[in-house]
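Worksheet: one structure, shown below.
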Amino acid sequence: MSTKKMAIVGLFAAIAFAVMFLEFPIFPAANFLKYDPSEIFALLASLPYGFGAGTAVIIVKDILFYFAKSGDIVGIAMNAAAGIMFIGFALLFWKRGKIIAGIASVLLTTAGLSAINAVVVPLYLHLPFKTYMSFLPWIVAFNLVKFSINYILGVLLYRYTEKVFRLG
Ligand code: RBF
């Protein structure tokens, strides 16, 4: 990793960590799901520098946030899994254009998280699988809203970070 790349990953990890404190639930019915804008900065690192850089931003901000506020290893692991899927799918489809990449990333991340949550929610909340099904519409809606917002904001901000850092 070049020094410049490391500096930018570090900077974006620090910003992502800071903005994660803004987290709040979108749907009171599923208040263990909290919106925060931190994945925007993982996306901004991954677009010029690749999957490893974006993943590094997510891992660093999640470890810091675990100790600084959360203390909930399940929540942090889910947040990391969500963020890594989000940037992974965005990068995978990036060459097909921003709109296709955005739709693919939001839909595939939401589908992936619905599957993971089918295992995690019953264990974490000590509920029968049947009750997971009643959470499912909230989980789907939450992830569609969260990742649509973060993708759109990320792509808009990328116009500026691309120029400011003269990445390459
Ligand atoms: N975050 C997501 O972005 N999508 C999810 O589907 C998701 N599922 C979660 C399920 C459980 C049981 C928990 C505890 C957390 C989940 N999170 C998810 C992370 C949550 O929104 C929040 O970022 C973390 O709990 C850190 O406060």
Problem set entry | Total residues in region 63-73, condition surrounded by 19 or more Cβ atoms within 10 Å (Cβ to Cβ) and more than 8 Å from the ligand (Cβ to nearest atom) | 0
Exercise. If you take the residues of region 142-165 that are within 11 Å of the ligand (Cβ to nearest atom) and aliphatic (A, V, I, L, M), which of them is surrounded by the fewest Cβ atoms within 10 Å (Cβ to Cβ)?
Worked result: Leu144
Problem set entry | Pair list, Cβ < 7 Å and 6+ apart or interchain, from region 77-101 residues that are farther than 16 Å from Gly154 by Cα to residues that are not aliphatic (A, V, I, L, M) | Asn79/Asp62; Ala80/Asp62
Seminar exercise, completed: Expected single match for assigned to a helix (DSSP H, G or I), in contact with a helix residue (DSSP H, G or I) (Cβ under 7 Å, 6 or more places away or on another chain), open to solvent by less than 30 Å² (accessible area, probe 1.4 Å) and away from the ligand (no atom under 11 Å from the Cβ) among Ile100, Ile87, Ile59, Ile76 is Ile87
Seminar exercise, completed: Residue pairs qualifying under the 7 Å Cβ cut-off, at least six apart or on distinct chains, with the first in region 18-31 being assigned to a helix (DSSP H, G or I) and the second being open to solvent by 90 Å² or more (accessible area, probe 1.4 Å), are Ala29/Trp138; Ala30/Trp138
Problem set entry | Single residue of region 113-141 satisfying the filter (more than 7 Å from the ligand (Cβ to nearest atom) and polar (S, T, N, Q)) that is most open to solvent (accessible area, probe 1.4 Å) | Ser134
Problem set entry | Test: Ala82 is more than 14 Å from the ligand (Cβ to nearest atom), crowded, with 18+ Cβ neighbours inside 10 Å and not acidic (Asp, Glu) | no
For this session: Sort out which residues of region 100-145 are more than 17 Å from the chain's Cα centre (by Cα) and under 20 Å from Gly54 (Cα atoms), and write them in order of number.
Result: Ile100
Exercise. Counting only residues that are open to solvent by less than 30 Å² (accessible area, probe 1.4 Å), in contact with a Phe, Trp or Tyr (Cβ under 7 Å, 6 or more places away or on another chain) and small (Gly, Ala, Ser), how many does region 10-37 have?
Worked result: 2
Exercise. Does any residue of region 35-44 turn out to be in contact with an Asp or Glu (Cβ under 6 Å, 6 or more places away or on another chain) and either away from the ligand (no atom under 15 Å from the Cβ) or modelled with pLDDT of 95 or more (or both)?
Worked result: yes
Seminar exercise, completed: Checked pairs for region 141-168, first touching a residue at least 40 places away in the same chain (Cβ under 8 Å) and over 21 Å from Met6 (Cβ atoms), second open to solvent by less than 40 Å² (accessible area, probe 1.4 Å) and among the small types (Gly, Ala, Ser), C-beta under 6 Å and 6 or more apart or across chains, list as Tyr151/Gly102
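The values are calculated or read from the model by the stated rules, or taken from the named source; none is laboratory data. Just so we're clear, the structure is a prediction, and the values are computed from it rather than from any experiment. Cβ coordinates were reconstructed from backbone atoms using ideal geometry, including for glycine residues, and neighbour counts include every protein chain displayed. Accessible surface areas use protein heavy atoms only, side chains included; no ligands, DNA or RNA. Shrake-Rupley method; radii C 1.70, N 1.55, O 1.52, S 1.80 Å.
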